Structure formats: structure tokens, C-alpha cells
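Here is the structure we will look at.
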Amino acid sequence: MNLSPPALRGRGFRGLRIVGDVHGESEPFAAALAGAREARLYVVQLGDLTDYGPDAPGVLRLAFRMLDAREGLFLLGNHDHKLRRALMGAQVRSPAEAIPRTLAQLGSAPDGEALATRAVQEIARAPAWLRSGRRLCVHAGFHPAMLDAAPPPMAGAHKPGPVVSRAMFGQVTGRTLESGYPERLLRWVDRIPRGIMVYVGHDRRSEDGRPLEVQGAQGGVALFLDTGAGKGGHLSWVDLPLE
């Protein structure tokens, strides 16, 4: 998916606000959206809206209002994809504080059924990546094919192919760590061409609470925006002018 700066300018937007993984933290997400609205910034949320945090229903309400107002969009994250499968009745593997917690929160919310129904629809059509000029936004990891092709339509409704898998899960070895999480690599950063900036969530790489910038072997750069929202950290975002 390509985000056109002229089209955004025509709708009165002055820039972009790229927001990292939210993971059920509705209060900072509400602050991020309110600030973007005031500054006329179009929001690109990098995926993983729910799980871990205290208020998945509140986050989904905010995300859907953002979509309805055409003030932004969210990308397809691995937790979003798994949530959709769970809402459709599939058996998914998940720690208790992730999908089971989100399902319990939706079950307790007065509008939980309506939120679940819409989540199934919106996650199905969430773009797996988004390009705007020299910038590329993706949940988990870059692949060179993302620079030349739009993401497949309705990627969230299907079993992911290789490039969508990279978008949702990053680069994994197939091994599982003692923590229970898959072993992840960052070799994809070395494949980012010079002049391209990739904005990514998924991996909490920062050690000081600030988004972490990593330059690859070809001169391209990745900015990791997951700073631990829902997992004892906080929500981060970055504001950019339109190119």
C-alpha cells in the first residue's frame, strides 16, 4: 500500500504520526490520537493493538473511530492476526496474558460482541505494510519485495505467504528460546537500501525507553518503535513531515 502525500495534503494533513505497538493500553493510545488530531497528523499504527494490557476493548474502540474519521489506519501485526483467528473459533497458542486476556476483556465489555465482529472485518483488510516515498512502515520486519509491490489484499484473512510472514513475524530461525518465544534475527536490516527508512514495531530492542535506530550494511535504517506498552514499558510514536 502506498500512502500519497499529495492526497493527505488535500485532506488537510500536515504530516504523519507513526505509533508503535499498543498492546491494550488505551490511555496512551487515546493521547497519541488526540495529539495527532490537533496537529493534523495522519496516524499509522504499526500493529499489535491488543493483548497484555488492561483495556483491549478501549483500544479497539479508538482504532475503529480513527478509521471511521479517516484519520489513520493500523497495520497487520501478528497479535492482530492471531486475535482474528481466535475470534473466528480457531484454537491458537498464546500465553494467558495475551489472547485469553483480550477475549476475557471483550467478553466483559457491554459492546464486546460488536467490537469482536468489527475486529474480524478490520484485521482482515489491514495492510501488511505501507510505503510513503522513502519511508516504509511494517509491523515486524522488512523484505525488499515490499518496495516494489503492494501488500496482498485481505492479507489478514489468509495464511501468510513468505513476504507477509516477514511483515508480521520478522525473521525467525525456527528455534524456540527458553522464554517460549521464537528466536528472532535482525539480518533483514542489512537488506534495507540506502535512503530507505523502515519504521517497525514487534521487537522491543530499546534499552533506554526511546525508539532505537539501527543502520544496516547497505546504509538503510530501521527505527524500532516498540518500547513495551502493555508489558511494563510505554507507548512511543514519532512525528514526520510529509515528503
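A short reminder: the numbers here are calculations on the coordinates, not readings from a lab. Everything numeric here is computed off the predicted structure, so don't read it as measured data. As a convention, Cβ positions derive from the backbone with ideal geometry for all residues, glycine included, and neighbour counts pool all protein chains shown.
Packing-based ranking of 223-229, 170-176, 52-58 yields 223-229, 52-58, 170-176, ordered from highest to lowest mean Cβ neighbour count within 10 Å.
Give the value in nm², to one decimal: projected area of the alpha carbon convex hull of segment 58-98, averaged over all directions. Could you put the intermediate results ahead of the total?
Working: hull surface 14.0 nm².
With every direction weighted equally, the projected area is 3.5 nm².
Working note: 222 nm ellipticity from helices only, DSSP H runs with n ≥ 4, each -39,500 (n - 2.57), summed and divided by the residues of the chain, gives -9500 deg cm²/dmol to the nearest 500. Note on ARG118 and ALA150: the model spin-label points, each 7 Å out from Cα along the C-beta direction, lie 2.5 nm apart.
Under 5 Å from the amide H of VAL172 lie the amide H atoms of LEU185, each residue being 5 or more positions distant or on a separate chain, with H modelled from the backbone and absent for Pro and chain starts.
Each 5 Å bin, from zero up to the one with the longest distance, holds this percent of the alpha carbon pairs of segment 5-88: 3, 16, 26, 26, 14, 9, 5, 2. Modelled spin labels at LEU67 and ARG14, positioned 7 Å past Cα toward Cβ, are 2.9 nm from each other. Neighbour counts of C-beta atoms inside 10 Å place TRP188, TRP237 in the sequence TRP188, TRP237, starting with the fewest.
A convex hull fitted around the alpha carbon atoms of segment 153-243 yields 153 Å³ per residue. Placing +1 on the Cβ of every Lys and Arg and -1 on the Cβ of every Asp and Glu, with no other charges, gives segment 5-241 a dipole of roughly 820 debye about its Cα centre.
FRET efficiency for the ALA34 to ALA217 pair, using the beta carbon distance and R₀ = 30 Å, is estimated at 0.15. Its alpha carbons give segment 148-203 an Rg and a Dmax of 13.1, 37 Å. Packing, taken as the mean count of other beta carbons within 10 Å per residue, orders the peptides 131-143, 199-211 from highest to lowest as 131-143, 199-211. The mean sequence separation of alpha-carbon pairs under 8 Å and at least six residues apart, normalised by the residue count of the chain, gives a relative contact order of 23 percent. The label point for ALA96 and the one for LEU185, both projected 7 Å from the Cα toward the Cβ, are 3.5 nm apart.
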